[in-house]
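Novice: Have a look at this one.
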Amino acid sequence: MIKIAIMNQKGGTGKTTSVINISGELVRQGKKVLIIDMDTQGNATSNIKIINTSNKNMADAITDSSITINDIICNTAIDGLDIIQGGTLLANAFVALQKMMMGKETVLKRLLDKLPSDIYDFILFDCSPSLESILNINVLVATDYVLIPIRVDKNSIEGYGTMLETIKEAREMVNPNLKALGVFMTAVEVGSSLDREMITEFPSMLPDLAFKTYIRKNIEVRKAPLTLQPLCFYNPKCSGSQDYFNLTNEILERIKAEDK
Ligand SMILES: Nc1ncnc2c1ncn2[C@@H]1O[C@H](COP(=O)(O)OP(=O)(O)O)[C@@H](O)[C@H]1O
Ligand SMILES: [Mg+2]
């Protein structure tokens, strides 16, 4: 079971979109995937069709030790894709975590450690934009990898430096196994000269971490959530599906190379 957090302290960089579409592509390839929505905005939760809603949620699991991770998993309409819902209820979890005297950073990890390792091939965490949030610290303690989506603008490009620092700090302080899986560009406008420049320069800016694949701007990417489906099920032929297919394969290759 491989755990990947999709994180960036900036909003609107394609975190939620990528969590859903990479998960969708993994499921299409026959993998079993659990999405954990750790964002109080709950966009991942509201962008996918859930068929049996658990009446317990992550906030309950965090605050009540009699509730296990199994009690809060929901099935989606797609076979092989499950989700733990996020959203406003996480605000309660946030408050409860803040109040804990001991172990507040390891709650999510302890919950996930109880999940049998053969149920899912992958767990993907959708994260909120605030890095210092106790919810995100819990994700950094629990995950194996962090994947960073960026938008091609000055602030986002500066933003990944902060992310990489945070990963380094988390590795030193709380999770020695944590690795940055890489950085990829989302919503790239191939018609824009700035974006074209970035496509050429980006790999040399971050030789070990930049993904070759970038996700092009594509209207289908915005339509898929309206149908509550990952892109590759909604429109397998569009450029967004091709890009997420290539990105997912590059991710799998990277993880395979790490394992050796
Ligand atoms: N490749 C893309 N093409 C077109 N729109 C995109 C693309 N990627 C993301 N978007 C849009 O950008 C907005 C922000 O994306 P989102 O995944 O919600 O970001 P985050 O979760 O980082 O805040 C959404 O409206 C989404 O539909
Ligand atoms: Mg989001």
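Derivation of every value follows stated rules applied to the coordinates shown; laboratory data play no part. All values derive from a computational prediction rather than experimental measurement. Neighbour counts run over all protein chains shown; Cβ positions are idealised from the backbone, glycine included.
Novice: Residue pairs, Cβ under 9 Å, 6 or more apart or interchain, first in the stretch 136-149 and touching a residue at least 40 places away in the same chain (Cβ under 8 Å) and farther than 11 Å from Met38 by Cβ, second assigned to a strand (DSSP E or B) and of a type in the set (Ser, Thr, Tyr). List them.
Specialist: Listed pairs, sorted by first residue: Pro149/Thr186.
Novice: Quick one: what pairs do we get from the stretch 106-121, first residue touching a residue at least 12 places away in the same chain (Cβ under 8 Å) and among the basic types (Lys, Arg), second crowded, with 16+ Cβ neighbours inside 10 Å and in a helix (DSSP H, G or I), C-beta under 9 Å, 6+ apart or different chains?
Specialist: Lys109/Asn138; Lys109/Val141; Lys109/Ala142; Lys114/Ile69
Novice: Mind checking which residues of the stretch 194-233 are over 20 Å from Glu25 (Cα atoms), acidic (Asp, Glu) and either touching a Lys or Arg at 6+ places or on another chain (Cβ under 8 Å) or not in a loop (DSSP other than H, G, I, E, B) (or both)?
Specialist: Those that are over 20 Å from Glu25 (Cα atoms), acidic (Asp, Glu) and either touching a Lys or Arg at 6+ places or on another chain (Cβ under 8 Å) or not in a loop (DSSP other than H, G, I, E, B) (or both): Asp195, Glu197, Glu201.
Novice: Can you tell which of Ser66, Ser54, Ser18, Ser46 is within 13 Å of ligand 1 (Cβ to nearest atom), among the hydroxyl-bearing types (Ser, Thr, Tyr) and more than 14 Å from the chain's Cα centre (by Cα)?
Specialist: Within the list Ser66, Ser54, Ser18, Ser46, the selection yields Ser46.
Novice: Considering only the stretch 195-210, state which residues are within 16 Å of ligand 1 (Cβ to nearest atom) and touching a residue at least 40 places away in the same chain (Cβ under 8 Å).
Specialist: Residues satisfying the conditions are Asp195, Met198.
Novice: If the Cβ limit is 6 Å and pairs must be 6+ apart or interchain, which residue in the stretch 3-26 that is within 22 Å of Phe233 (Cα to Cα) pairs with which residue that is within 13 Å of ligand 1 (Cβ to nearest atom) and of a type in the set (Phe, Trp, Tyr)?
Specialist: Taking only residues 6 or more apart or on different chains, the pairs are Asn21/Tyr244; Glu25/Tyr244.
Novice: Applying the selection to the stretch 167-193, what residues are over 18 Å from the mean Cα position of the chain (by Cα) and part of a loop (DSSP other than H, G, I, E, B)?
Specialist: Val174, Pro176, Glu189, Val190, Gly191, Ser192
Novice: Among Pro149, Pro116, which is within 16 Å of ligand 2 (Cβ to nearest atom) and either buried (at least 18 other Cβ atoms within 10 Å of the Cβ) or not in a strand (DSSP E or B) (or both)?
Specialist: Pro149
Novice: Let me ask another. Spot the failing condition for Gly80; the list is (1) at positive phi; (2) touching a strand residue (DSSP E or B) at 6+ places or on another chain (Cβ under 7 Å); (3) within 16 Å of ligand 1 (Cβ to nearest atom), and only one is missed.
Specialist: Condition not satisfied by Gly80: (3).
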